[in-house]
């Protein structure tokens with residue numbers, strides 16, 4: 001017969017603690033949105049120097065939209081494009097030459113990217129947004145938590 005150990009914790013919060021917890025719950029989404037916005041701007045700052053330059057429109061199109069709060073969900077959008085969108089897709093998704101051309105078209109959703117290779121003069125590169133984003137993922141949760149704590153004055 002297996003023995004069982006059980007614990008029960010009951011907590012009673014003072015009226016002041018209850019009011020403070022309710023206030024934190026209301027402020028948390030905005031604080032998280034501000035933290036996400038800060039992180040996205042940091043990603044963009046790392047992406048801009050490695051963004052390919054033909055005429056400069058692509059680099060200038062880099063943007064971070066303000067946080068959008070929808071109930072408990074918070075989102076921030078960042079990217080490149082606008083009038084430079086076709087060029088952005090081409091240079092982001094087309095690898096540089098590496099000993100010749102890669103065979104066949106590359107499909108990205110419904111968009112077919114030509115079989116040509118894109119030129120990326122150093123320090124520019126393909127995946128100019130994806131690469132910094134992946135690098136920022138390391139430690140992102142810790143940075144977001146610290147920024148939210150700071151925003152909530154915890």
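When you go through 13, 7 one by one, which is the residue that is at pLDDT below 90, touching a helix residue (DSSP H, G or I) at 6+ places or on another chain (Cβ under 8 Å), in a loop (DSSP other than H, G, I, E, B) and loosely packed, with under 12 Cβ neighbours inside 10 Å? Exactly one residue qualifies, and that residue is 13. Being under 18 Å from residue 125 (Cβ atoms) and touching a strand residue (DSSP E or B) at 6+ places or on another chain (Cβ under 8 Å) is the filter here; which residues of region 62-87 pass it? The answer is 62, 78, 79, 80.
Residue-wise test of (1) at negative phi; (2) surrounded by 14 or more Cβ atoms within 10 Å (Cβ to Cβ).
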residue	(1), (2)
39	yes, yes
42	yes, yes
47	yes, yes
66	yes, no
82	no, no
88	yes, yes
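The values are calculated or read from the model by the stated rules, or taken from the named source; none is laboratory data. Computed from a predicted structure; not experimentally measured. Every residue, glycine as well, gets a Cβ built from its backbone with ideal geometry; the counts of neighbours run over all protein chains shown.
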